[in-house]
1. So which of LEU177, LEU168, LEU103 ends up being under 12 Å from the mean Cα position of the chain (by Cα) and part of a strand (DSSP E or B)?
2. What number of residues within the stretch 50-71 are closer than 24 Å to ILE243 by Cα and either surrounded by fewer than 21 Cβ atoms within 10 Å (Cβ to Cβ) or over 18 Å from the mean Cα position of the chain (by Cα) (or both)?
3. Residues in the stretch 28-49: is at least one surrounded by 21 or more Cβ atoms within 10 Å (Cβ to Cβ), farther than 24 Å from ILE176 by Cβ and either modelled with pLDDT of 95 or more or not hydroxyl-bearing (Ser, Thr, Tyr) (or both)?
4. Would you check which residues across the stretch 182-211 are farther than 28 Å from LEU256 by Cβ and either surrounded by fewer than 18 Cβ atoms within 10 Å (Cβ to Cβ) or modelled with pLDDT under 95 (or both) and list them?
5. Counting just the residues of the stretch 124-155 that are in contact (Cβ under 8 Å) with a residue 60 or more places away in the chain and surrounded by fewer than 17 Cβ atoms within 10 Å (Cβ to Cβ), which one comes out farthest from GLN202 (Cα to Cα)?
6. Being crowded, with 22+ Cβ neighbours inside 10 Å and outside any strand (DSSP E or B) is the filter here; which residues of the stretch 86-100 pass it?
7. When the residues of the stretch 212-241 are narrowed to those that are in contact with a Lys or Arg (Cβ under 9 Å, 6 or more places away or on another chain) and β-branched (Val, Ile, Thr), which ends up surrounded by the most Cβ atoms within 10 Å (Cβ to Cβ)?
8. Please verify whether THR83 is touching a helix residue (DSSP H, G or I) at 6+ places or on another chain (Cβ under 6 Å) and among the polar types (S, T, N, Q), treating the condition exactly as stated.
Amino acid sequence: MSVAFAPGDAGAVFGVAGVQMSVSAFDDNVERMGAYMKHIRTRFPWVRMVLFSELAPLGPRHAKAEPLPGPTETRLCALARETGLWLIPGSLFEKVAGPAGELVYNTTPVIDPQGLVVTRFRKLFPFRPYERNVAGGKGFCVFDVPGAGRFGVSICYDMWFPETTRTLVAMGAEVILHPTMTDTIDRDVELSIARASAVTNQVYFFDVNGVGDGGVGRSIICDPSGYVLHQADGGAEIMPIEIDFVRLRRERERGLRSNLGQPLKSFRDRECEFEVYRRDSGVDAYLHTLGALTKPD
């Protein structure tokens, strides 16, 4: 299990590999994920964590939803244990029985190198109105890697709401792990959002998309100063990146890009309050004139 983390405990660098993999909507993808993990373990022995795209294990079909823990998660835990890697396997559709009937969530398990599920995160913002019959989660997810740092998890459309990344960073996240499944023409917009999220929150941002039935690729990894460390094309690709926690903490202390802006401290020390976040404030009255959240005819 993860342990409590203090910044002074961490080492200088930590290797994370994003995997932009071809995802099938019809076939099981877990065996292919395992092949990537075994290859990464041999080819890049300094990598300690692997991140796949949203819904990578079973693809984007609600009919494949499983309870968690469940059989697919158990197989993923075995892969993490076999390879000795931290595994963020994208996400799975999670089936939950409730008093009002069955719910389906889009859920990311976080699995440690011993094959234990440290935590799970349910996507906060399903892509409505297109992502139908998927419930939104309510909790935020951060976890600690002993000897490294604190990581936060969000999924796909969550990124479009800057409050999600801001909250994770306020909870201490230094790296955002963001599996996505974007197969639409707005991928270029998401590249900008990922970069802006990284620099405004002084955080590493791993936005890993799939290919095939899992997206159009073009994954992007950005550092806390807003530099693009890597941007993939449209094919399958392994993206190993070293996270420099010492540099990240120095920039949060002194300012990004050689002692420039300190946005986290400025946000902390703000004079203003944001009344729009109080649902009873009335400030958001205009938003209630926009009509229902429905698919256009």
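1. LEU177
2. 0
3. The answer is no; no qualifying residue exists.
4. ASP183, THR184, ILE185
5. Looking at residues that are in contact (Cβ under 8 Å) with a residue 60 or more places away in the chain and surrounded by fewer than 17 Cβ atoms within 10 Å (Cβ to Cβ), I get ASN133.
6. The answer is PRO89, GLY90, SER91.
7. ILE220
8. Answer is yes for this residue.
The values are calculated or read from the model by the stated rules, or taken from the named source; none is laboratory data. Note that this is a predicted model, so its numbers are computed, not measured. Neighbour counts are summed over all protein chains in view; Cβ atoms, including those assigned to glycine, are modelled from backbone coordinates with ideal geometry.
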